[in-house]
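Worksheet: the structure to be examined is printed underneath.
All of the numbers you see were taken from the coordinates with simple rules; none came from a lab. These numbers were taken from a predicted model, which means no experiment stands behind them. All Cβ positions, even for glycine, are placed from backbone atoms using ideal geometry, and neighbour counts span all protein chains on display.
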Amino acid sequence: DQLFRVPVTIALSLLYGIMGAAVALLAAEALLVVICTVSVQRLTGITAWRQLGSGVRPLVSCAIMAAGVLLVRQYAPPPVDPAGQALVLLMTVPLGAILYVGAHYLLWRWAGRPRGIEEMASAMVERRFAVLRGGRIRMG
């Protein structure tokens, strides 16, 4: 990867500036994905489509989060001072987290609740709510 990344990044940076560097890094990462995918398929037999398909939920969740945050930022008044910037962060960071986690959870459920990190996180949250409902945690 480094044999490709370094010279191509330097060359494209010199020719096209920051955009050239960005394109070079993107191309290097794409090449790395291909190399890793082929290696995993040879070692485990898991097809490339199945490997790439496992990234669909996080990608869709990121897109939903980005759309929500960009929408809020578009309609929120532009921050003109540090307090305004802090307010925008206070609005967008929790919103982004809620949108990402919510979208990811729903996509996981729609996928039939496959085994994985989502299953463990869901079980942990369910246990916490069960404790709260059971009255074993005193509030206040």
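Going by alpha carbons, how many degrees (0 to 90, nearest 10) lie between the helix axis of 2-44 and the longest principal axis of the chain? Approximately 70 degrees, to the nearest 10.
Stretching the chain fully between Ala11 and Ala83 yields a gain of 21.7 nm (0.36 nm per residue, less the alpha carbon separation).
Geometric descriptor of the chain, per residue, is 212 Å³ (volume of the convex hull of the Cα atoms).
Relative to one another, the C-alpha centroids of the stretch 76-106 and the stretch 20-47 are positioned 33 Å apart. Taking label points 7 Å from Cα along the Cα-to-Cβ direction, Met120 and Val38 give a separation of 3.2 nm.
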